[in-house]
Amino acid sequence: MEQVAIMWKSNLNEDGAYLTLDDGFTRVRFHAMWLRDNAWDAATRSADNGQRLIVLKDIPKETVISDATILGSSLSVIFSPENKLVDYDISWLMQNAYDRTRKSQAGWIKPCLETWDNGLMDKLPMADFASINSHNIELKNWLRKIVCLGFGTLKNGPIEDLALKQVVDLFGYIRETNYGSHFEVRTEIKPINLAYTGLGLQAHTDNPYRDPVPTIQVLYCLESSAAGGENMVVDGFRVAQELRAENEVWFNVLAHYCARFEYTGSDGVILKSRRPMIELAPDGELIGVRFNNRSTSAIKDVPFEDMQTYYTAYRRMGEIIDDPAMQVSFRLEPGECFLVDNRRVLHARKGYSGAGRRWIQGCYADMDSLNSKLAALEAEQMVAAI
C-alpha cells in the first residue's frame with residue numbers, strides 16, 4: 001500500500017512564545033523555551049553522547065520564536081534574541097510532545113505494560129539460555145517481555161555454581177548487598193532470613209527495607225529434589241488495579257501514606273525505609289508496589305482518623321495478593337531461573353519438606369541496565385532494517 005505523506009503546517013502565536021504544528025488532524029503546541037532547550041545543534045549538544053553543552057541560564061530568558069518554516073519532515077526555527085537557526089525532526093517532536101490530554105485517574109500505567117493474573121500460567125515468558133546467548137533478536141524479545149510483564153523465565157541454563165552471573169551478564173551488572181554478590185537459598189539451622197527455611201512465603205517485595213529496593217531479583221535453580229517449594233509470582237500492578245476498582249478510598253490511603261519497613265539481621269546491619277505500599281509519580285502514574293508483611297515495622301505515619309481505613313485497605317490488599325486467581329505458579333528445575341521486576345512483581349514460595357534437596361542461588365541487579373540493553377538492541381535492529 002502506498003503511504004500518504006503527512007503535510008504539516010506551523011503557526012506562531014502573536015508574541016512568538018510558542019508555535020503550533022498542525023497536520024489537519026492533530027494540533028500540538030511547543031513553547032519557544034522548550035524548543036530552544038531541546039535543540040540538537042553542535043553548540044548545544046555533544047555529538048558523541050547527546051548530553052547538553054550548555055545550562056539553562058545560557059539561554060536568554062526572553063527567548064521567542066521569530067520565524068518557523070517546514071521543509072518535508074523538518075521544522076526550522078529561528079530564535080530571538082540569539083538569531084539562532086535550529087532544525088528539528090518533526091517525528092522526534094511528536095514523540096516528545098507534551099501538549100496532550102493528561103490521565104486524570106491515579107494509578108495509570110504506561111501503555112507498554114501489560115498486567116496479568118493466573119491466566120498467564122499457560123504462556124509464561126520463557127526463553128532458552130543458549131538461544132538468547134547467541135541471537136540478539138531472541139534476547140531482545142525476552143527482555144521486552146520482562147519489561148512488559150515484570151518477569152521472565154529461562155530454561156536449559158548451565159547447572160553449575162554461580163551460573164546466575166551468566167544470566168545477569170546478558171543485560172547488566174550484579175548489585176551487591178549485605179548478603180554479598182549472591183546468596184544461597186537452602187535451609188539453615190539459625191537462618192538470618194526466613195527465605196533460608198523450608199517455610200512457605202507469602203508473595204512479597206524483596207528487601208523492601210532498602211531505598212531504593214533492588215529493582216531486579218534473579219533466582220536460579222541448581223537442585224530441586226525436595227517435595228514442594230514451587231515458585232509463585234503475583235502482578236503487584238494488577239493487585240493495585242483490583243484494589244482501586246473495588247474501593248478507591250483504600251487505594252488512595254495506601255498510596256498517600258508511608259509504611260515503614262525494617263530489617264535487623266547479621267551483625268552491623270540495620271536497614272530501614274519509609275515508602276507507601278502503592279507508589280505513584282506526581283502525575284498519578286503507578287510506579288511501584290512495596291508489600292512485605294514480615295518486614296513491615298510499626299506504621300506510624302498515618303493519622304489516627306485514617307488508621308482504621310489504612311488497616312482495612314492493607315488487609316484487603318493482602319487478601320487480593322493471596323487469591324489463587326492472581327497467582328502464577330511454576331516449579332524451577334535445575335538449570336532454570338526466573339527474574340522479577342522487584343518494584344512491581346511480588347514473588348512467593350510454597351513450603352517444602354526436609355526430604356530431598358533444594359538449592360537456589362539468588363542475586364540482585366538493576367532495571368536501568370536491562371532497559372539500556374533493550375534500547376540498544378532495538379536501536380541496532382532499526383539500523384539493520386534500513
Problem set entry | Calculated [θ] (222 nm, deg cm²/dmol) that DSSP helices of n ≥ 4 give over the chain, each run adding -39,500 (n - 2.57) | -7500 deg cm²/dmol
For this session: At 7 Å along the Cα-to-beta-carbon direction for both residue 380 and residue 43, put a label point, then send me their distance in nm to one decimal.
Result: 3.8 nm
For this session: Please give the peptides 270-279, 132-141, 217-226, 55-64 ranked by average Cβ packing (other Cβ atoms within 10 Å per residue), highest first, as a rough proxy for protection.
Result: 217-226, 270-279, 132-141, 55-64
Exercise. Could you give the distance between the Cα centres of region 360-384 and region 261-332, to the whole Å?
Worked result: 28 Å
Problem set entry | Length released on extending from residue 225 to residue 102, taking residue separation times 0.36 nm less the Cα-Cα span | 39.1 nm
Problem set entry | DSSP-loop chymotrypsin sites (Phe, Trp or Tyr not before Pro) across region 30-103, with at most 11 other Cβ within 10 angstrom | 98
Seminar exercise, completed: the chain: relative contact order from alpha carbon pairs under 8 Å, six or more residues apart, as a whole percent, is 22 percent
Exercise. What is region 9-95 by shape, rounded, prolate or oblate, if you read a ≥ b ≥ c off the alpha carbon gyration tensor as root eigenvalues and call it rounded for a/c under 1.5, prolate for a/b larger than b/c, and oblate otherwise?
Worked result: oblate
For this session: Would you please give the FRET efficiency between residue 184 and residue 144, computed as 1/(1 + (r/R0)^6) with r the Cβ-Cβ distance and R0 = 41 Å, to the nearest 0.05?
Result: 0.85
For this session: Using 0.36 nm per residue of separation minus the Cα-Cα distance, give me the extension gain between residue 322 and residue 89 in nm, one decimal.
Result: 78.9 nm
Problem set entry | In order through region 318-329: 3J(HN,Hα) via Karplus (6.51 cos²θ - 1.76 cosθ + 1.60), integer Hz, x for Gly, Pro | x, 5, 5, 4, 7, 5, x, 5, 9, 9, 10, 10
Exercise. Once Lys and Arg get +1 and Asp and Glu get -1 on their Cβ, which of 249, 30, 376 lies farthest toward the positive end of the dipole of the chain?
Worked result: 249
Problem set entry | Angle in degrees between helix 367-385 and the longest Cα principal axis of the chain, rounded to the nearest 10 | 50 degrees
Seminar exercise, completed: Longest principal axis of the chain (C-alpha) makes with the long axis of helix 136-149 (C-alpha) an angle, in degrees to the nearest 10, of 80 degrees
Exercise. If you place +1 on the Cβ of every Lys and Arg and -1 on the Cβ of every Asp and Glu, how big does the dipole about the Cα centre of the chain come out, in debye to the nearest 20?
Worked result: 860 debye
Seminar exercise, completed: Projected onto the charge dipole of the chain (unit charges on the beta-carbon of Lys, Arg, Asp and Glu, signs +1, +1, -1, -1), the Cα from 10, 273, 78 with the largest positive-side position is that of 273
Exercise. So what is Rg over Rh here for the chain, counting just Cα atoms and using Kirkwood for Rh?
Worked result: 1.05
Problem set entry | Net charge of Cβ neighbours under 15 Å - reference residue 130; Lys, Arg +1; Asp, Glu -1 | -4
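Where a number appears in this text, it was derived from the coordinates with a stated rule and is not lab data. Only a predicted model underlies this, so the values are computations on that prediction, with no experimental measurement involved. Using ideal geometry, Cβ is built from the backbone for each residue, glycine included, and neighbour counts are taken over all protein chains shown.
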